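The values are calculated or read from the model by the stated rules, or taken from the named source; none is laboratory data. All figures in this text were calculated on a predicted structure; none of them were measured in a lab. In this analysis, Cβ positions are derived from the backbone assuming ideal geometry, glycine residues included, and neighbour counts consider all displayed protein chains. Quick note on the areas: whole protein, heavy atoms, side chains included, nothing else; ligands and nucleic acids left out. Shrake-Rupley method; radii C 1.70, N 1.55, O 1.52, S 1.80 Å.
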Amino acid sequence: MKQKERRPGQKKTSGPSGESRRDDRAGRPAKPVAQSVAARQAARESAVPVAAARPLTTRSGERPAERVPVILESLGAGDFHLIDSGDGQKLEQYGPYRIIRPEAQALWRPSLAPQIWEKVDAVFTGDTDEEGTGRWRFPKAALGETWPLNLLGVDFLGRFTSFRHVGVFPEQIVHWSWTKDQVERAGRPLKVLNLFGYTGVASLVAAAAGAEVTHVDASKKAIGWARENQALGRMEKLPIRWICEDAMKFILREERRGSQYDIILTDPPKFGRGPNGEVWHLFEHLPLMLDVCREILSPQAAGLVLTAYSIRASFYSIHELMRETMRGAGGAVESGELVIREAGLDGKTPGRALSTSLFSRWVPK
């Protein structure tokens, strides 16, 4: 259901250094407050490398076929739908709660009457800058920190965090549905790697469908939240490895071990910090990350999925990078945007499309 600059006490999620995730995404750690150019440069010079680098692999062969632009759209699902948007905000339904959050891309006016927007359970207020924090206001009555939600048959907890996130990025349901379909159709247990896995909804969906899942995130809080979600759904026996580690370090080690995966989902932040001070910059480190992911894809791989939030770039930038990375692998690369379409008060009345993020996906056919 996404072009965003967005993602419990938030650390940025794992990925190569995913502690500081400053996206509009639910509850991921937010990035440090804005710094001067000199301060940012000094931080870079003193930062711990994201991982011991290796040269990019020189690849030959034809680039995969391309499908562009592809718009993956959701009207909502399960306990979520986008009711309305406009004036830099979005009105959403999350289970029993109606919520207002900032949305810079909602440049138009709201479709619904002001009195409907006034009848909400929670409003995020305060600093609405992507790097800022704020607080929740509860117009009707004080609400608990968490509440139960369900998407694609998976139970998990919503949570009001200081970074306007609520623990799930519903637009991702299009990728989760695709993963679920691949796993169920495979006729064998697929191995799924979920990098920057955040609160684990994608991992739980894949495991419930029959996959063996490895979930990686650099945030201890995010991993703890993911385990809470697993317990909530009574899914403790599902084959999921929860790993709190810098994502780049993890996949480089997996490459050395000769480990392989059939599906890799990667959702890196624009900027992040790992548990040991590793620093991740999307434009600097993404080529190597995808290169390593290519190396640990199995010969019978079903796909490699990349989602990018909060970047000032065309989807073509990650599209062409994915095609170069998968040169010689055959198949096709499909890229574009994830969008959520307004669904009205009833959740069934289509309205305007709200872009949330860019994506690129390699598939073998």
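Using a 10 Å cut-off on Cβ atoms, rank the peptides 108-117, 336-345, 160-169, 208-217 from the highest mean neighbour count down.
160-169, 208-217, 336-345, 108-117
Please give the contour-minus-distance gain from LEU345 to ALA332: 0.36 nm per residue of separation, less the Cα-Cα distance, rounded to one decimal in nm.
That works out to 0.9 nm of additional length.
What whole-number value in Å² describes the accessible area per residue of region 72-173 for a 1.4 Å probe?
Computed with neighbouring chains in place, this is 42 Å² per residue.
Could you run the Karplus curve 6.51 cos²θ - 1.76 cosθ + 1.60 with θ = phi - 60° over region 249-263 and give me ³J(HN,Hα) per residue in whole Hz, x for Gly and Pro?
Running phi through 6.51 cos²θ - 1.76 cosθ + 1.60 with θ = phi - 60° gives 4, 5, 6, 5, 5, 4, 4, 5, 7, x, 5, 9, 9, 8, 9 Hz.
Efficiency by 1/(1 + (r/R0)^6): what FRET value for ALA53 and ASP181, r their Cβ-Cβ distance, R0 = 35 Å, to the nearest 0.05?
FRET efficiency, ALA53 to ASP181: 0.45.
Pairs of Cα atoms under 8 Å, at least six residues apart: use those to get the relative contact order of region 240-365, whole percent.
RCO, region 240-365: 25 percent.
So how do 235-242, 269-276 stack up, highest first, on mean other-Cβ count within 10 Å?
Going from most to least packed, we get 269-276, 235-242.
By how many nm would the segment from GLU324 to GLN260 lengthen if fully extended, with 0.36 nm per residue of separation less the alpha-carbon distance?
Full extension of this stretch gives 21.0 nm more.
For region 89-114, list residues with backbone N below 18 Å from a point placed 7 Å from the Cα of ALA141 toward its Cβ?
Answer for this model: 94-99.
Going down the table (LYS119/LYS220; LYS220/LYS348; LYS180/LYS237; LYS90/LYS365; LYS119/LYS270; LYS90/LYS140), which pairs top 27 Å between alpha carbons?
From the list (LYS119/LYS220; LYS220/LYS348; LYS180/LYS237; LYS90/LYS365; LYS119/LYS270; LYS90/LYS140), the Cα-Cα distance tops 27 Å for LYS119/LYS220; LYS220/LYS348; LYS90/LYS365; LYS119/LYS270.
Could you work out the relative contact order of region 138-252, using alpha carbon pairs under 8 angstrom and six or more residues apart, expressed as a whole percent?
Computed over region 138-252, the figure is 23 percent.
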